[in-house]
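Written below as structure tokens is the structure these notes are about.
Values in this text are rule-based calculations from the coordinates and carry no lab data. Being a predicted model, the structure only gives us computed values, none of them experimental. A quick note on method: Cβ atoms are made from the backbone with ideal geometry, for glycine too, and the neighbour counts reach across all protein chains shown.
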Amino acid sequence: MEADTTPVAQVMTPHRRFIRIVLIFVLLGPLFAALVAALGLGIVAAVTESASLWTVDIIGYLLASVVVLPLFSIPFAYLFGLLPALVIGLGAAMGDRRAGTVPMRPVLGLSAALWAVFSVILLLSEGVHRGAVIWVVLMLITVLICAALCVRVARWWVAPARQA
């Protein structure tokens, strides 16, 4: 009779787990942000112009936001989003060390705090006008959605190995 040679899943070291969580936020956070923000801009454009446009034009706005805008927004998302993604990723990894899993609420809180700092800087430099306010609100929605997506991916990717 042969012995069972099925490999047993190795438990991930704490350092590897920490690095993986940070990498998820750094690599995927700006990408998610570019896609969510592009879709959000398309929705805002479609809604604000819907009274004066035909349905075909509204669909065109939405298609452009899904197909064309990401091509331009992805480089900018990484340019402006790497530092916040790194900070949030480090916070998520430290929370994981304490709680044993990537915590959703603290990550969303840290994301909202960074959003507030960058929003104040934007509004002080640009002034408060309709376009800036729409952009700030869209960025809050984007930041929270992306942080939640990264938490879900991190929880899935660094889940503890199950015993055989």
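Computed from the C-beta positions of Ile134 and Trp156, the FRET efficiency with R₀ = 35 Å rounds to 0.60.
Computed from the mean reciprocal separation of all distinct C-alpha pairs, what Kirkwood hydrodynamic radius does the stretch 14-157 have, in Å? Result for the stretch 14-157, one decimal place: 16.0 Å.
Computed about the Cα centre, the dipole magnitude for the chain is approximately 580 debye when only Lys and Arg (+1) and Asp and Glu (-1) carry charge, each at its Cβ. Here the extension length gained between Leu63 and Ala112 equals 14.8 nm, from 0.36 nm per residue of separation less the Cα-Cα distance. Taking the number of Cβ atoms within 10 Å of each Cβ as an exposure proxy, the fewest-first ranking of Trp157, Trp115 is Trp157, Trp115. For the chain, list the DSSP H helices whose alpha carbon atoms reach 30 Å or more along the long axis and whose average Kyte-Doolittle value is -0.5 or above? Counting only whole DSSP H runs, the qualifying helices are 14-49, 69-99, 104-126, 130-157.
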